[in-house]
Amino acid sequence: MKRIYTRRGDAGTTGIFGGVRVPKDDIRIEANGTLDELNAALGVVRSMLDVAHEWQPLLRSVQIELMAEMSLVATPSEQRAQNPNKPDGRMVAACEAKIDELTAQITDSDCFVLPGGTPLAARLQLARTIARRAERRLWTLHQQDPLPQELLCFINRLSDLLFIMARFEMQRQAADEERWQLFSYKRKRNAAPGASEE
């Protein structure tokens, strides 16, 4: 096996596409590290599912897309044309289709819910929060060096998908969602004189 350590990073830099070295806390590396963390969290989610589970193919495709996007994030915009990896806009549509499918099967929510519940739902919620952090890091990088719009849209939609998957899992297991408080529009309506809940 090829030796895994090179010692080139011992001085606090790492290489990106094109051979340039940047500090390990550079926003490009921070964004990629968060995408890597998200991918690992999805790997944990998949390990909790049966190999024949209906979500396996989509989540595998998501992981593959994340690998390609990490390559793109590691590539400065002026060199991106040389990178063979391209954002797959179809993944946004795939996420939206699954969101719509699952949303149609669960009851609507009028409250913020506490992350947790079943082990799978809790892992999906954790992955969702990592996706949100990845999105924040990507937008910081985007302001310095533009990223493909499809990449940014995909991460945004992915976090929505993971949230809906977590809610679907809770309802499929007939587990009660722990409620925090009503959405703000509900609180205002309830506080209005003469307001009542059916």
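The values are calculated or read from the model by the stated rules, or taken from the named source; none is laboratory data. What you see is a predicted model; the values in this text were computed from it and never measured. Cβ coordinates were reconstructed from backbone atoms using ideal geometry, including for glycine residues, and neighbour counts include every protein chain displayed.
Observations on the structure shown:
- Filtered residues of region 137-152 (kept if farther than 15 Å from L66 by Cα and surrounded by 17 or more Cβ atoms within 10 Å (Cβ to Cβ)): L141, H142
- Set I64, I155, I164: member being of a type in the set (V, I, T), more than 24 Å from D25 (Cβ to Cβ) and surrounded by 17 or more Cβ atoms within 10 Å (Cβ to Cβ): I164
- Selection of region 84-118 for residues being exposed (fewer than 15 other Cβ atoms within 10 Å of the Cβ) and among the polar types (S, T, N, Q) yields T103, Q105, T107, S109.
- Residue match in region 75-82 (condition: surrounded by 11 or more Cβ atoms within 10 Å (Cβ to Cβ), of a type in the set (D, E, K, R) and either at pLDDT 95 or above or not in a helix (DSSP H, G or I) (or both)): no
- Extreme residue, farthest from T129 (Cα to Cα), among residues of region 37-57 that are of a type outside the set (V, I, T) and crowded, with 16+ Cβ neighbours inside 10 Å: W55
- Number of positions in region 140-180 that are under 19 Å from R128 (Cβ atoms) and not hydrophobic (A, V, I, L, M, F, W, C): 12
- Selection status of G89, out of contact with any Lys or Arg (no Cβ under 7 Å at 6 or more places or on another chain) and at positive phi: no
- Every residue from region 110-132 that is in a helix (DSSP H, G or I) and touching a Phe, Trp or Tyr at 6+ places or on another chain (Cβ under 7 Å): R128
- Condition broken by V113, with the remaining ones in (1) at pLDDT below 95; (2) under 16 Å from the mean Cα position of the chain (by Cα) satisfied: (2)
- Any hit, region 12-33, residues being surrounded by fewer than 17 Cβ atoms within 10 Å (Cβ to Cβ), part of a loop (DSSP other than H, G, I, E, B) and at pLDDT 95 or above: no
- Among the candidates M67, M91, the residue that is closer than 22 Å to I164 by Cβ and among the hydrophobic types (A, V, I, L, M, F, W, C) is uniquely M91.
- Boolean, E135 is over 23 Å from G33 (Cα atoms), assigned to a helix (DSSP H, G or I) and touching a helix residue (DSSP H, G or I) at 6+ places or on another chain (Cβ under 8 Å): no
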